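Enquirer: Pasting a structure here, questions to come.
The values are calculated or read from the model by the stated rules, or taken from the named source; none is laboratory data. Here the structure is a predicted model, which is why all the values come from computation and not from measurement. Please note: Cβ atoms are built from the backbone with ideal geometry, for glycine as well, and neighbour counts cover all protein chains shown. With ligands, DNA and RNA removed, areas are computed over all heavy atoms of the protein, side chains included. Shrake-Rupley method; radii C 1.70, N 1.55, O 1.52, S 1.80 Å.
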Amino acid sequence: MAIVSSAAVSGSGVPARRPASPAEPAPRLLDASAQPGDGADRDTGVGSDLPQREDSLRPRRLAEYIGQRELKQVLGIAIEATRSRGDALDHVLLYGPPGLGKTTMALVLAEELGVRCRITSAPALERPRDIVGLLVNLQPRELLFIDEIHRLNRVAEEILYPAMEDCRLDLTVGKGTTARTRSLEIAPFTLVGATTRAGALSSPLRDRFGLIQRLEFYDLGDLQAIVARAAGLLELQLDAEAALEVARRCRGTPRIANRLLRRVRDVAAVRGHGAIGQQLVAESLSLHRVDARGLDASDRRLLTLLLDGHGGGPVGLDTLAAALGEDPTTLETVVEPYLLQLGFLQRTPRGRIATDAAREHLGWDAAA
Ligand code: ADE
């Protein structure tokens, strides 16, 4: 499993098909499936955003992917149509809260199409040569996955436009009055963009995706099935009630479910439990301060601040973030979505409000 370096861009701005020199670090990039279907490591965790532990539990095929029915249906049709035409799949934008399986779905798409998936993230594409290097090295029909695509800089975005539309790079060669634009043909490819903030994408970029799909929080039944599958892969004896207890506490998010399952496994190992039941799950996760609805310390601090400090709100996002010592974007994209989903929080034009359901959950008198 190799970390693939980008092709370098020559001094004139023309990309050369050679690896970047050691003096010029390549953008963080993962060659996610060296040979499709060969079972090769898709993820070393070295220099990548994909921890190996997480990768070992990922579904590899669409049929193994639990939940997200509409997404699977839409992509299943697109895959079949693409296969029958022999084309590259249309560009795909996946958006939604973190941990719901955007990267996993990109890897599944590559596996289904029998092509490689190159994985990078927008902050790693700082210089024009980073994105150019990636694009010129793509083989026909390969996938390029760009995480956090809303963070792409303008120059990189503008390089992407003709690449996405016409498989063409428009490169400037030379400087000042002698500068010329040269076009370079590249292989037809599929860009899979992922973002937690679809609204932060520029409309010219968003409009170039043929498929735009939101990933939703998973329901309890799907989460229970995901936990049971992961338990099987980890060779744990976990009964159905125990799987449901993990499902209740994972904020609708498979990545968190798998993380919690590993914490339960630790407690079971230390206490010498072979079989894991609901009680052990509840105890283990309470120990980690994850409550019966999956709220953690950050959630409780947010709700307590609203209820205790501001009579339930409304309070502006920036005020809340400053009081909690959190970054407003993290609060908005990571902490709040699950509280909104539970109906514990409301966003209003005047700020955030903690609901009666939140009061009740935290053991406050709802009428107070
Ligand atoms: N593991 C993480 N996400 C999953 C999913 N959607 N289906 C099956 N296993 C998973």
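Enquirer: Please verify whether ALA187 is away from the ligand (no atom under 16 Å from the Cβ) and under 16 Å from the mean Cα position of the chain (by Cα), treating the condition exactly as stated.
Expert: Working: away from the ligand (no atom under 16 Å from the Cβ): yes; under 16 Å from the mean Cα position of the chain (by Cα): no.
Criteria not met by ALA187.
Enquirer: Sticking with this structure for a sec: From the list GLY193, GLY210, which one is open to solvent by less than 20 Å² (accessible area, probe 1.4 Å), touching a strand residue (DSSP E or B) at 6+ places or on another chain (Cβ under 8 Å) and either more than 16 Å from the ligand (Cβ to nearest atom) or of a type outside the set (S, T, N, Q) (or both)?
Expert: Numbers: GLY210 fails: open to solvent by less than 20 Å² (accessible area, probe 1.4 Å).
After ruling out the rest, the residue left standing is GLY193.
Enquirer: Please report, ordered by residue number, the strands (runs of 3 or more DSSP E) entirely within the range 119-206 with at least 2 residues that are of a type in the set (Gly, Ala, Ser). Can you show your working first?
Expert: Details: elements: 143-147, 168-173, 180-185, 190-195.
Ranges flagged: 190-195.
Enquirer: Could you figure out which of (1) within 16 Å of the ligand (Cβ to nearest atom); (2) in contact with an Asp or Glu (Cβ under 9 Å, 6 or more places away or on another chain); (3) part of a helix (DSSP H, G or I) isn't true of MET105?
Expert: Looking at each condition in turn, MET105 falls short on (2).
Enquirer: Does ASP170 satisfy being modelled with pLDDT under 95, in contact with a helix residue (DSSP H, G or I) (Cβ under 7 Å, 6 or more places away or on another chain), away from the ligand (no atom under 16 Å from the Cβ) and of a type outside the set (Lys, Arg)? Give the steps one after another, and end with the answer.
Expert: Values: modelled with pLDDT under 95: yes; in contact with a helix residue (DSSP H, G or I) (Cβ under 7 Å, 6 or more places away or on another chain): yes; away from the ligand (no atom under 16 Å from the Cβ): yes; of a type outside the set (Lys, Arg): yes.
Criteria met by ASP170.
Enquirer: Which pairs turn up if I take residues in the range 177-194 that are closer than 29 Å to GLY86 by Cβ and look for partners that are modelled with pLDDT under 95 and part of a loop (DSSP other than H, G, I, E, B) with beta carbon separation below 6 Å, at least 6 apart in sequence or on another chain?
Expert: none
Enquirer: Please specify each residue of the range 62-89 satisfying the condition of being in a helix (DSSP H, G or I), open to solvent by less than 100 Å² (accessible area, probe 1.4 Å) and within 16 Å of the ligand (Cβ to nearest atom).
Expert: Once the filter is applied, which keeps residues that are in a helix (DSSP H, G or I), open to solvent by less than 100 Å² (accessible area, probe 1.4 Å) and within 16 Å of the ligand (Cβ to nearest atom), the range 62-89 yields LEU62, GLU64, LEU71, LYS72, VAL74, LEU75, GLY76.
Enquirer: Yes or no: the range 251-258 includes at least one residue that is in contact with a Cys (Cβ under 8 Å, 6 or more places away or on another chain) and within 11 Å of the ligand (Cβ to nearest atom).
Expert: Applying the first criterion (in contact with a Cys (Cβ under 8 Å, 6 or more places away or on another chain)) to the range 251-258 yields 256-257.
Now restrict to residues that are within 11 Å of the ligand (Cβ to nearest atom): 256-257.
Yes, there is a match, as at least one residue in the range 251-258 is in contact with a Cys (Cβ under 8 Å, 6 or more places away or on another chain) and within 11 Å of the ligand (Cβ to nearest atom).
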